[in-house]
Amino acid sequence: MPRLLGVDLPNDKPTIISLQYLYGVGKHVAQELCHKAGVDPQKAARELADDELGRLSVLLERDYTVEGPLRRQVGQSIARLKEIKCYRGLRHRMGLPVRGQRTRTNARTRKGPKKTVAGKKGVKDMK
């Protein structure tokens, strides 16, 4: 199982798909990496030679922000928003959608499971 920047890449998948297991590497960047490093994108990840893995890791470290540094950068950006108490920072802090989505219905991913609140008693129940 090839290892790149501390992440195990899946053996049986093509290189272009395996590279997408790295945080910050999508389809386009994976395609670019294969082209720049001279690696066949359809070759299975287990068939990658050590020199090819080396070329890929050098390219990733030199030209792209991925994995740990990217996670840190995103975390710092969110922390800055929280610190200056802007609207987006407050939404992050409260665990609500940040980019203007509705919350009356939906938004369950951000809000978590439903918390049922007891309703008012009707007129018939008062008697």
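The values are calculated or read from the model by the stated rules, or taken from the named source; none is laboratory data. Remember, predicted model here, so these are calculated numbers, not experimental data. Cβ: placed from backbone, ideal geometry, glycine included. Neighbour counts: every protein chain shown. These area figures cover heavy atoms from the full protein model, side chains too; ligands, DNA and RNA do not enter into them. Shrake-Rupley method; radii C 1.70, N 1.55, O 1.52, S 1.80 Å.
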Stretched out fully, how many nm does the piece from Arg3 to Ile78 gain, at 0.36 nm a residue minus the Cα gap? 24.0 nm
Could you point to the residue in Gly89, Gln20, Gly38 farthest towards the positive end of segment 1-97's charge dipole, with +1 and -1 charges on the Cβ of Lys/Arg and Asp/Glu respectively? Gly89
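Give the relative contact order (percent, whole number) for the chain; include only Cα pairs under 8 Å separated by 6+ residues. Present the calculation step by step, with values, prior to reporting the outcome.
On the way: 117 pairs, mean separation 21.1, N = 127.
Relative contact order comes out at 17 percent.
Add +1 for every Lys or Arg and -1 for every Asp or Glu among the other residues with Cβ under 14 Å from the Cβ of Arg99, and state the total.
Details: positive: Arg88, Arg91, Arg102, Arg110; negative: none.
Around Arg99, the surrounding residues sum to +4.
Can you give the FRET efficiency for Asp40 and Leu70, using 1/(1 + (r/R0)^6), R0 = 30 Å, r = Cβ-Cβ distance, to the nearest 0.05?
Values: r = 26 Å, r/R0 = 0.88.
Result of the calculation: an efficiency of 0.70.
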With a 1.4 Å probe and every protein chain left in place, work out the accessible area per residue of segment 1-126 in Å², rounded to a whole number. 73
With a 10 Å radius around each residue's Cβ, average the other Cβ atoms per peptide and rank 12-18, 109-115, highest first. 12-18, 109-115
Segment 1-67 and segment 101-121: distance between their alpha carbon centers, rounded to Å: 41
Rounded to the nearest percent, how much of the accessible area of segment 7-121 (1.4 Å probe, protein heavy atoms only) is carbon and sulfur? 51
Out of Thr65, Leu5, Thr116 - ranked by how far each Cα lies towards the positive end of the dipole of the chain, with unit charges on the beta-carbon of charged residues - the top one is Thr116
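Counting only other residues whose beta carbon sits under 15 Å from that of Ala37, what net charge do I get with K and R as +1, D and E as -1?
Values: positive: Lys36, Lys43, Arg55, Arg62; negative: Glu32, Asp40, Glu47, Asp50, Asp51, Glu52, Glu61, Asp63.
Every neighbour counted, the sum reads -4.
Do any of Lys85/Lys114; Lys13/Lys114; Lys13/Lys36 go past 30 Å between their Cα atoms, and which? Don't skip to the end; give the middle numbers.
Details: Lys85/Lys114 27 Å; Lys13/Lys114 39 Å; Lys13/Lys36 20 Å.
Flagged as over cut-off: Lys13/Lys114.
Given 0.36 nm per residue, what is the gain on full extension from Lys124 to Gln101 after removing their alpha carbon distance, in nm? Walk me through the intermediate numbers first.
On the way: separation 23, 0.36 × 23 = 8.28 nm, distance 3.79 nm.
Full extension of this stretch gives 4.5 nm more.
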Loop only per DSSP, at most 15 neighbouring Cβ atoms within 10 Å: give me the chymotrypsin sites (Phe, Trp or Tyr not before Pro) in segment 1-89, ordered by residue number. Tyr23
